[in-house]
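Quick notes on the structure that follows.
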Amino acid sequence: MSQPAVASVQPGSLYVVATPIGNLDDISARALRILRDVALIAAEDTRHSARLLQHFGIETPLAACHEHNERDQGGRFLARLQAGEDVALISDAGTPLISDPGYHLVRQARAAGFAVVPVPGACALIAALSAAGLPSDRFIFEGFLPAKAAGRRARLEQVREEPRTLIFYEAPHRILECLQDMREVFGGERPALLARELTKTFETLQGLPLAELCEWVAADSNQQRGECVVLVAGWQAPEGEEAVSAEALRVLDLLLAEMPLKRAAALAAEITGVRKNLLYQVALERKGESL
Ligand code: SAM
């Protein structure tokens, strides 16, 4: 078989590289090697990342890849990959794509068939969870809550009966009102933890029931500064009672309005996963109440 006159260039790889969330020593040896070796670094804020690279004596060129240009500029980075060059993606801090830009570029690169290689490292939510002492076998990350009170409360309502540990990012100027809304929606007894300034000089991890955590933050304005992660224990059915969530009750009530009690309980059990006999008992009580 004849060889092509010019050997086709091996396409490059896109490395998704985590950088520190405060303490520069948290960067990995592999991350440094890759940031040195790639042809180009796509960065959320090139001025911010230039300082990081300078600290480590890395001279790789930077190009902006932030939420406003990511979709349109993707082609530019893909062209470099197509030319056989490796590109690294970084954000201002921590793991790209985690409440940070990069999603569109990663999608575009994968769709075009390029290798996308994770280079793991710091991530605020994982760092906080690893030291929180709250159940870590199952958790959900809710990112940033809506900035306005009504939207925030509505979102919190949606996860009120979520049994897994809840993790949120929050801006310091909203931390107190955010915790107060959590206290209203989840109840003041619910265990929670505020992880602030992780890996930095004023790192603080304070675990308290929500009511006490609110008081603690309100009493000390220093706790309303810096970067923070909030963790809240998942919902637990009240002791001694079997759980019938508000959502299961809502489904049951809708069905009770439309069909005989036994059928409603059976269907609600299928939809919600709650035991049929339990829902049957609850349905009897609810029908009794409405007589
Ligand atoms: N990509 C980052 C990561 O991997 O964690 C998150 C970027 S997001 C734009 C910034 C938010 O992450 C902050 O508002 C805060 O909620 C959280 N965060 C980042 N660094 C932190 C730190 N050192 N301590 C506590 N929270 C931090």
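The values are calculated or read from the model by the stated rules, or taken from the named source; none is laboratory data. Just so we're clear, the structure is a prediction, and the values are computed from it rather than from any experiment. Because the Cβ atoms are built from the backbone with ideal geometry, glycine has one as well, and the counts that use them run over all protein chains shown. SASA here: full protein model, heavy atoms, side chains in, ligands and nucleic acids out. Shrake-Rupley method; radii C 1.70, N 1.55, O 1.52, S 1.80 Å.
Write out, first by first residue and then by second, each pair whose Cβ atoms fall under 6 Å of each other, whose residues are 6+ apart or on separate chains, and whose first residue, in the stretch 72-98, is aromatic (Phe, Trp, Tyr) while the second is outside any helix (DSSP H, G or I).
Close Cβ pairs (under 6 Å, with a partner that is outside any helix (DSSP H, G or I)) amount to Phe77/Ala42; Phe77/Val87.
Go through the stretch 24-69 residue by residue and tally those that are without any contact (Cβ under 8 Å) to a residue 40 or more places away in the chain, farther than 21 Å from Pro11 by Cα and within 27 Å of the chain's Cα centre (by Cα).
Total satisfying the criteria: 15.
With respect to the numbered conditions (1) open to solvent by 50 Å² or more (accessible area, probe 1.4 Å); (2) in contact with a Gly (Cβ under 7 Å, 6 or more places away or on another chain); (3) of a type outside the set (Gly, Ala, Ser), which one is the sole condition not fulfilled by Leu97?
Unmet for Leu97, out of (1) open to solvent by 50 Å² or more (accessible area, probe 1.4 Å); (2) in contact with a Gly (Cβ under 7 Å, 6 or more places away or on another chain); (3) of a type outside the set (Gly, Ala, Ser): (2).
So which residues in the stretch 29-42 are touching a strand residue (DSSP E or B) at 6+ places or on another chain (Cβ under 7 Å), over 19 Å from Pro101 (Cβ atoms) and open to solvent by less than 40 Å² (accessible area, probe 1.4 Å)?
Ala39
Just one of (1) more than 30 Å from Val274 (Cα to Cα); (2) exposed (fewer than 15 other Cβ atoms within 10 Å of the Cβ); (3) of a type in the set (Val, Ile, Thr); (4) assigned by TED's automatic domain parsing to the domain that holds Thr204 trips up Ile140, so point out which.
Of (1) more than 30 Å from Val274 (Cα to Cα); (2) exposed (fewer than 15 other Cβ atoms within 10 Å of the Cβ); (3) of a type in the set (Val, Ile, Thr); (4) assigned by TED's automatic domain parsing to the domain that holds Thr204, only one is false for Ile140: (1).
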